[in-house]
Amino acid sequence: FLGEAKADIYGAVAGLPQAWERFAGTMAHEMDSNEFGARKLANKGLVGRAARMPTTILAAITDGFHALNYSAQMYTTAFRTAVREGLSGDALDSRVAELVSNPTDAMKAEATATAQERTFQRPMGRGANFLKQGRKLPGGRWVLPFIKTPLNILKEGIRRSPVGLATTAVRAARGTLEG
């Protein structure tokens, strides 16, 4: 709907406090939302912290933008739902506020998926499992320091290229196109 862009921007601004909190929390505690779990701190102390700082900063930025995009999508979905219910004016604003305060599981899932897509943090597919296993080998983290983000950037690049357009056309022709 036409007002979705405004709702998205409003949601992003509303998500700034939580984004900052996630960023600061990740920086302070070196705990991010990566799928490999908590980091193993081989080098403790100031030297270890300094060595981990680049990846900590990347994780903190990702976590902050995840929160920002989650909030933006939550407001967009709430706006879309309220418009489909035929609401406008103050009734629309009230319904959006109500939905954001008490989102459905479907709204939460959509906001999570959107935040993961916009931060290139979608779960990796089965084909990338060999890369994850390679990270577990001795020295694997040095050879493959980043997997998820580069793979997701590559996937998005392909999806938005002529190859992606052709794939969409094939799905449409088969009748299996969704969304």
### Summary
Restricting segment 50-85 to residues that are among the aromatic types (F, W, Y) and more than 17 Å from T119 (Cα to Cα), the one farthest from the chain's Cα centre (by Cα) turns out to be F79
### Query
Checking M124 against (1) outside any loop (DSSP other than H, G, I, E, B); (2) hydrophobic (A, V, I, L, M, F, W, C); (3) closer than 20 Å to H66 by Cα, which test does it fail?
(1)
### Task
Go through segment 68-90 residue by residue and tally those that are open to solvent by 60 Å² or more (accessible area, probe 1.4 Å) and outside any helix (DSSP H, G or I).
3
### Query
Which one of these does R122 not meet: (1) at pLDDT 80 or above; (2) exposed (fewer than 14 other Cβ atoms within 10 Å of the Cβ); (3) not β-branched (V, I, T)?
(2)
## Note on the structure
Those residues of segment 94-111 which are under 20 Å from A12 (Cβ atoms) and outside any helix (DSSP H, G or I) amount to P103
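For every residue, the table says whether it meets (1) more than 23 Å from I61 (Cα to Cα); (2) surrounded by fewer than 11 Cβ atoms within 10 Å (Cβ to Cβ).
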site: M107; (1), (2): yes, no
site: T112; (1), (2): no, no
site: I147; (1), (2): no, no
site: R160; (1), (2): yes, yes
site: R174; (1), (2): yes, yes
### Message
Can you tell me which residue is modelled with the highest pLDDT among those in segment 150-179 that are in a loop (DSSP other than H, G, I, E, B) and not aliphatic (A, V, I, L, M)?
### Response
S161
#### Entry: Check on A60, among the small types (G, A, S), surrounded by fewer than 22 Cβ atoms within 10 Å (Cβ to Cβ) and touching a helix residue (DSSP H, G or I) at 6+ places or on another chain (Cβ under 6 Å)
yes
### Pairs, first part of a helix (DSSP H, G or I) in segment 137-149, second surrounded by 10 or more Cβ atoms within 10 Å (Cβ to Cβ), C-beta under 6 Å, six or more apart
G140/G134; R141/R135; K148/M124; T149/F120
### segment 1-17: number of residues that are open to solvent by less than 100 Å² (accessible area, probe 1.4 Å) and either part of a helix (DSSP H, G or I) or modelled with pLDDT of 95 or more (or both)
11
### Task
Take L154 and decide whether it is under 18 Å from the mean Cα position of the chain (by Cα), over 24 Å from A5 (Cα atoms) and of a type in the set (A, V, I, L, M).
yes
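The values are calculated or read from the model by the stated rules, or taken from the named source; none is laboratory data. Remember, predicted model here, so these are calculated numbers, not experimental data. Ideal geometry is used to build each Cβ from the backbone, glycine not excepted, and the neighbour counts take in all protein chains shown. These accessible areas exclude ligands, DNA and RNA; they are computed on the full protein's heavy atoms, side chains included. Shrake-Rupley method; radii C 1.70, N 1.55, O 1.52, S 1.80 Å.
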